[in-house]
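Here the structure is laid out as C-alpha cells; the discussion comes afterwards.
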Amino acid sequence: MHAEVPTIKVEMSFGDDASTVVRIGSGNPPDLFRVFPGNGSALSMVQLVNAGRLADLSDQSWVKRIPPSLTPVLKVNNKAYFFTPTQAVIGAVYNKQVFESLKLTVPHTWSQLMTLCDTAKKAGVPAFALGAKDSWVGQLIDYALVPSLVYSNTPDFDKLQAGGTATFSSSGWKEALNKYKMMLDRGCFNENPLGTGFEQQAKLVATGKTVAAVQLSLLVPRIQTDNPTATLGMFALPGGDRASQLRVPVAPSSGIGVSAQSKNLTEARLFIAFMAQQTSINRYAELSGDLPIFSGGSVKINPLLSGILPFVRAGKVNLFMDQSWPNADVQQAHLAGVQQLLSGQASATDVLKKMDDAYQKR
Amino acid sequence: MSDLPHPKVAMQSTRILKKRRVAGVPWYFLAPALLAYILVVVYPIVAGGSYAFTDWNGLNPVKTFVGLENFRRLLQDDQALSSLKNTVLITLSVTLVQNTLGLLLALGANSTIRTRFLLRTVLFAPAVISSLVAAYLWQYLYDPNVEGGINALLTDVGLKSLRQDWLGNPQLALFAITGTVVWQYTGYSMVIFLAGLQGVPVELYEAAELDGAGAWQSFWNVTRPMIAPAITVNLMLSVIGGFKLFDQILAMTGGGPGYATSTLSLLMYKQAFVFSRFGYSTATALVLAIIIAGVSLLQLKLLRSQELEG
C-alpha cells in the first residue's frame, strides 16, 4: 500500500475485540478495524451499522462482485460497509500419514464416518481431536453437521426461522446435536475433550495422536507448526445417510471496515480499495490458506482445500450459522450448551430450547 | 525568673498558636488533590454507574434511560443467579483454605528453624506473579493430555485412579480454580499473619506456659487474640478478592464447562463485551459492589468485636 500511495502511512496495532469496542464506544475509533460478517456479535456488520459506526463503501467497484449468496452477510439494506478478502471453511483436517497407515478412506455418509471412528479406535488412535474447553472449538462439530442435516432439506431455514415458522428445536439441529453426543459416546474423540483446548487439539492431530480434528481452514497453518513434517488434508464432515446430502460450511472471514467517524476517511477508503484488488485478494488468500472471496487472476489455492473445492464449485455450501442469528445470546447459548451436552449437564433438547429462547430476544 | 511567663499562661498561648495554625491552613491547599480525586475516582464512578439505568450497547452514541429495568432483569436472569452462587462458593472456599493454610505456614515460618527466611521468600513468591501467568501455568498442570501435569504425577506415584479432567468436569472445575488462587495467595496471607505473630510479646507465652497452658490453649488464648487485627485484614482481603475474581477464570475456563465456573465478574465482562449490553453489565457491577460493601461492613463489624474481646 505504501509503495502504491507513498503519502499514506499505515500503522498497525494489535488488540482484542473488546479493546476495539471500547475505542469505538468512547469516540476514539481506529480509522480501519476488524468487522465480522452478518450479525450476532458486538463487532458484527449489522450491530456496527445500526450504531452508525461504519462508513458506506457501496460506491467502490468491488461491491458489484459480491455474489447474491453472500449478500445476507456482506451487505445491510443493499449497502456494503466492510470488505473481506477470503472465505473460511469448516471441515475435518486430517493427518494423511496416519490416515494411510490405518488404511482409512474419506467418509461421505454418517455410517462411513462411524466406521472410520470404530476402525481408528480399534487401532488405539481416536478419530478426532476435540478441544472443547475452548468453547469456540466445541461448536465446530455441529457447525459442520448442520448444513447436511438442516439446509440440505430446508435451504431457506434462516428465512423461515426469522419469520417465526421454524425453530432450532423442531429442525435437523436436534439430529446434529444428538449425533455429536453419539460421536462422544462411541469414542470418536480423545479422552477428556472438555479439559482439552485448541493448542492441545492442534498438537494431537499434527503429531498423529488422533486421525483428524474438525477445524477452520484458516487455522491449518497454525496446526502445521506443531509438526512441519505432517501432511495434512481436509474432508467435509458428513452428517447424513446420503452422500448427495453432504454440504460444507463456507463463509466470509472477518474483514476490515472504515470508521464513520474517521478523520482520514479518504485514505481509509483507499486502503479498502487496495485490499479489494484481485492481486491483493489472491496474495491474502495464499498467505492465509483460505479461499479468495472473488475468483480471478492467477491464485494458488491451498492444496489442503482440494477435498472441499468440489462442494464449493457445486454450490453445496452454507454460510456459518451464527452469521444469520439476530443477537450474540444465541451464540453464547450454543457455546455453553455444547459444553453442557458433552458433560452430561444438558440434553440436545435442553440446549436447543435455550437457543430458541435466546433467538427470540432479537 | 520573673521574666519567664507563668507555666499556665505559656500553655494557653501554645494552644492558641496551634489553633491559629490549624485555623490558618487555607482550604484550597486541598484543591489539587481533591480535584484529581474527583476527576479520577468520583466522576468515573458516577458516570459509569449512571449507565446502569440505560440500555447503552457500548457502540451506539444514543443511551436511552430505562429506569430500574436492568436490575429487574438481573433478578430474573438464571445465568446471573447461577453466577452469584458460584461467586459465593469460590469466595467461601478460597477464604477458608487460603487463610487456614496461610496461618499454618505463618506459624511454621515464625519458628526458629534455620531456613525460615528462605521459606518465607519461597512461600511468598507466587504472590508476585501476575494472576494471568499463574492461571496459564496451572491450566497446563491441569491439562489431562500433558505428560508432565498433575495427572502424570498421580500416575507416577501409583494413584492413577485419582486422575481427573480437572477443568473439564463441571463438578470439579470451580475447585480446581480455587486451588490455583489458594496456591498463589496463601503466601500473601502468611506474610500478614507473620507480621501479626511477630508483634506478640514472648512474655505472654512464658506466662501461659507457667499457668500450665498447652500448645492449643496457648494458641487460642494468646496468639489468636493478639493477631486478631491480622485475621481481620486477611479475611477482608480474601473475601473481597474472591468476590471480584476474574483473570484466573477467564484464562482457565472462560466460565465453562457450560456455566459451571461463571462468576458475577465474568458475567459482567461478557455482558459488556460479548453481548453488547453495557447498561446491563454496569447494573451487574453495581449489584456486585453493593454485595461486596455489605459483606465487608458486616465482616468488619464482627471481626472488630472479636478484636475488642481479645
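The values are calculated or read from the model by the stated rules, or taken from the named source; none is laboratory data. Because the structure is predicted, anything quoted here is derived from the model rather than measured. Ideal geometry is used to build each Cβ from the backbone, glycine not excepted, and the neighbour counts take in all protein chains shown.
Tabulated results
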| item | result |
| --- | --- |
| Which numbered condition A:A51 misses (of (1) more than 21 Å from the chain's Cα centre (by Cα); (2) under 30 Å from A:G315 (Cβ atoms)) | (2) |
| Flag for A:S306 being in a loop (DSSP other than H, G, I, E, B) and surrounded by fewer than 18 Cβ atoms within 10 Å (Cβ to Cβ) | no |
| Residue count for the range B:163-189, restricted to those that are more than 14 Å from every other protein chain (Cβ to nearest Cβ) and without any contact (Cβ under 8 Å) to a residue 40 or more places away in the chain | 0 |
| Test for A:A55: is it surrounded by 15 or more Cβ atoms within 10 Å (Cβ to Cβ), within 14 Å of chain B (Cβ to nearest Cβ) and touching a residue at least 24 places away in the same chain (Cβ under 8 Å) | no |
| Residue list for the range A:338-359, filter: in a helix (DSSP H, G or I), away from every other protein chain (no Cβ under 12 Å) and not β-branched (V, I, T) | A:A348, A:L352, A:K353, A:M355, A:D356, A:Y359 |
| Long-range neighbours under 7 Å by Cβ, at least six apart or interchain, first residue surrounded by 14 or more Cβ atoms within 10 Å (Cβ to Cβ) within the range A:147-163, second assigned to a helix (DSSP H, G or I) and of a type in the set (V, I, T) | A:F157/A:V150 |
| Pair list, Cβ under 6 Å, 6 or more apart: the range B:129-141 residue more than 16 Å from B:T186 (Cβ to Cβ), other residue among the aromatic types (F, W, Y) and part of a helix (DSSP H, G or I) | none |
| Extreme residue, surrounded by the most Cβ atoms within 10 Å (Cβ to Cβ), among residues of the range A:173-214 that are touching a Cys at 6+ places or on another chain (Cβ under 8 Å) and not charged (D, E, K, R) | A:C188 |
| Top-ranked residue in the range A:165-198 [being facing chain B (nearest Cβ under 9 Å) and part of a helix (DSSP H, G or I); ranked as farthest from B:Q171 (Cα to Cα)] | A:P193 |
| Test: residue in the range B:145-165 that is surrounded by 19 or more Cβ atoms within 10 Å (Cβ to Cβ) and in a helix (DSSP H, G or I) | yes |
| Positions within the range B:248-264 being out of contact with any Gly (no Cβ under 9 Å at 6 or more places or on another chain) and more than 14 Å from every other protein chain (Cβ to nearest Cβ), in sequence order | B:Q248, B:L264 |
| Selection from the range B:129-170 of residues that are hydroxyl-bearing (S, T, Y) and farther than 23 Å from B:P257 by Cα | B:S130, B:T155 |
| The range B:56-78: number of residues that are in contact (Cβ under 8 Å) with a residue 60 or more places away in the chain, over 23 Å from B:V239 (Cβ atoms) and in a helix (DSSP H, G or I) | 3 |
| Helices (runs of 4 or more DSSP H) enclosed by the range A:66-134 - at least 3 residues per element that are among the charged types (D, E, K, R) and more than 14 Å from chain B (Cβ to nearest Cβ) | A:110-122 |
| Residues within the range B:130-157 that are over 24 Å from A:F198 (Cβ atoms) and β-branched (V, I, T), tallied | 2 |
| Criterion violated by A:F14 - all others in (1) within 11 Å of chain B (Cβ to nearest Cβ); (2) free of Cβ contacts under 8 Å to residues at least 24 places away in the same chain; (3) part of a loop (DSSP other than H, G, I, E, B) satisfied | (1) |
| Residue selected from the range A:299-337 under the condition closer than 30 Å to B:G258 by Cβ and of a type in the set (D, E, K, R), by the criterion nearest to the other protein chains (Cβ to nearest Cβ) | A:D329 |
| Filtered residue count, the range B:216-274, keeping only those that are without any contact (Cβ under 8 Å) to a residue 12 or more places away in the chain and surrounded by 24 or more Cβ atoms within 10 Å (Cβ to Cβ) | 0 |
| Some residue of the range A:8-20 being of a type outside the set (G, A, S) and at pLDDT 90 or above | yes |
| Residue pairs meeting the criteria (Cβ under 7 Å; at least 6 apart or on separate chains; first within 14 Å of A:N190 (Cα to Cα), in the range A:104-122; second at pLDDT 95 or above and assigned to a helix (DSSP H, G or I)) | A:C117/A:M183 |
